[in-house]
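First the structure, in the form of structure tokens, and then the observations on it.
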Amino acid sequence: MNLRHIEVFHAVYVNGSVSAAARMLNVSQPSVSKVLRHAESLIGFALFHRSAGRLVPTEDAHALFGDVAAIQDRVYALREASRNLKRGTGALLKVSSLPSIALDALPGTVAQFLRTHGEVKFDLQTIHHEDLLRKLYERETDLAIAHEVPPGAALGHRRLGTGELVVLYREADMPNMPERVDLSVLEGRPLVTLSASGPIGQLFATAVQARGIELEEVVSARTFHIATALVRQSVGLTVVDNFTAKASLAPGLAMRPLADPLRFDVNAMYLQDRPPTALATDFLKALARRIEAISG
């Protein structure tokens, strides 16, 4: 007997009729009768006989029912477990992200996601590119949200969207700026520069070198957050990703994208042998929508 035979036999046994079993299983009566006959032909003996319009189990059916009920209970439990996974009941999503995504895109998505998945628990942390692989390999996180997928690593990834570099500055220092600015606007101005390590820093450094632009570096900041704080303190302007800039905007500050855009991808990375669950996939779709809204 296969699982379909077991399901039909169990339904007829507990309901006492084909019609009631059909209603329970949400199928037609002929379908139930056909499966029941096929089950009886496979096992070689009758499971029910008719009495006063009802199907009465045979002694063989009584002997079989204990094992069938145990199997059916496990099937029900499996179905419930699957539904719980989809709903997120008792689920824990461990997500790590670059600080730029963690400023707004990640917490905003989590807040929205919890409105429809109230049973989900989140374990959130920030990472830097050099820690990405270790966090995944040591199972400290299930998903790493970053830019560049490390080459040669046994990782799967899903592209969530794109970002771009922008100039963050004080409006009083640079009034009437156009909608997009050329990199040359940086020349002769006090600049808070960022370490060239990491994909974003390398992207900016390569573009500056290619244009032969001379920068007037006043401070070198190790993190984007320090750089934006220095702009607020009138130390100079800086170039950061659009996610960091939008989350850092305050009265008197403004941001402008570059005339020749410097864009980068945002990816969700995971171990190839631990792909995202259905619940995690739904979360990544929600995060992708928020990233698109921020970058749009």
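Considering only segment 131-153, state which residues are of a type in the set (Asp, Glu) and either touching a residue at least 24 places away in the same chain (Cβ under 8 Å) or surrounded by 15 or more Cβ atoms within 10 Å (Cβ to Cβ) (or both). Show your work before the answer.
First, pick out the residues of segment 131-153 that are of a type in the set (Asp, Glu): 131, 138, 140, 142, 148.
Listed by number, the residues that qualify are ASP131, GLU140, ASP142, GLU148.
Just one of PRO261, PRO257, PRO275 is within 11 Å of the chain's Cα centre (by Cα) and either within 21 Å of PHE204 (Cα to Cα) or at pLDDT below 95 (or both); which is it?
Values: PRO261 fails: within 11 Å of the chain's Cα centre (by Cα); PRO257 fails: within 11 Å of the chain's Cα centre (by Cα).
Step by step, each of PRO261, PRO257, PRO275 is checked, and only PRO275 is within 11 Å of the chain's Cα centre (by Cα) and either within 21 Å of PHE204 (Cα to Cα) or at pLDDT below 95 (or both).
Kindly establish whether THR109 is of a type in the set (Ser, Thr, Tyr), touching a strand residue (DSSP E or B) at 6+ places or on another chain (Cβ under 6 Å), within 29 Å of PHE283 (Cα to Cα) and touching a residue at least 40 places away in the same chain (Cβ under 8 Å).
no
Restrict the check to segment 79-99 and report whether at least one residue is of a type in the set (Ser, Thr, Tyr) and at pLDDT 90 or above.
Residues of segment 79-99 that are of a type in the set (Ser, Thr, Tyr), as a first pass: 82, 89, 96-97.
This time we only want the ones that are at pLDDT 90 or above, so: 96-97.
Yes; the residues of segment 79-99 include at least one that is of a type in the set (Ser, Thr, Tyr) and at pLDDT 90 or above.
Would you mind finding the one in GLY198, GLY212 that is at pLDDT 90 or above and on the phi > 0 side of the Ramachandran plot? Reasoning before the result, please.
Working: GLY198 fails: at pLDDT 90 or above.
Criteria check complete, one pass: GLY212.
Out of (1) part of a loop (DSSP other than H, G, I, E, B); (2) surrounded by 20 or more Cβ atoms within 10 Å (Cβ to Cβ); (3) small (Gly, Ala, Ser), the odd one out for GLY188 is which?
(2)
How about segment 99-123: which of its residues are closer than 10 Å to THR244 by Cβ and not in a helix (DSSP H, G or I)?
Scanning segment 99-123 gives a single hit, ASP104.
Could you list, in sequence order, all residues of segment 44-59 that are touching a helix residue (DSSP H, G or I) at 6+ places or on another chain (Cβ under 8 Å) and surrounded by fewer than 15 Cβ atoms within 10 Å (Cβ to Cβ)?
At the first step, the residues of segment 44-59 found to be touching a helix residue (DSSP H, G or I) at 6+ places or on another chain (Cβ under 8 Å) are 45-48, 55, 57.
Scanning segment 44-59 gives PHE45, ALA46.
Which ones in segment 233-252 are more than 17 Å from ILE200 (Cβ to Cβ) and surrounded by 15 or more Cβ atoms within 10 Å (Cβ to Cβ)? Don't jump to the end; show me each part of the working.
If we filter segment 233-252 for residues that are more than 17 Å from ILE200 (Cβ to Cβ), which is where we start, we get 233-236, 249-252.
Passing the criteria: VAL235, GLY236.
Do any strands (runs of 3 or more DSSP E) entirely within segment 191-296 hold 1 or more residues that are among the polar types (S, T, N, Q), and if so, which?
Here the list reads 216-221, 237-241, 263-271.
Out of segment 1-22, which residues are more than 23 Å from ALA70 (Cβ to Cβ) and in contact with a helix residue (DSSP H, G or I) (Cβ under 8 Å, 6 or more places away or on another chain)?
Step one: of segment 1-22, the residues more than 23 Å from ALA70 (Cβ to Cβ) are 17-19, 22.
Passing the criteria: VAL18, SER19, ALA22.
Of all residues being of a type in the set (A, V, I, L, M) and surrounded by 15 or more Cβ atoms within 10 Å (Cβ to Cβ) in segment 154-176, which is farthest from LEU93 (Cα to Cα)? Just the residue, please.
Kept after step one, since they are of a type in the set (A, V, I, L, M), are these residues of segment 154-176: 154-155, 160, 165-168, 172, 174.
Next, only the ones that are surrounded by 15 or more Cβ atoms within 10 Å (Cβ to Cβ) stay: 155, 160, 165-168, 174.
Details: LEU155: 18, LEU160: 17, LEU165: 29, VAL166: 31, VAL167: 34, LEU168: 33, MET174: 43 Å.
Only one residue fits best here, namely MET174.
The values are calculated or read from the model by the stated rules, or taken from the named source; none is laboratory data. These numbers were taken from a predicted model, which means no experiment stands behind them. Cβ: placed from backbone, ideal geometry, glycine included. Neighbour counts: every protein chain shown.
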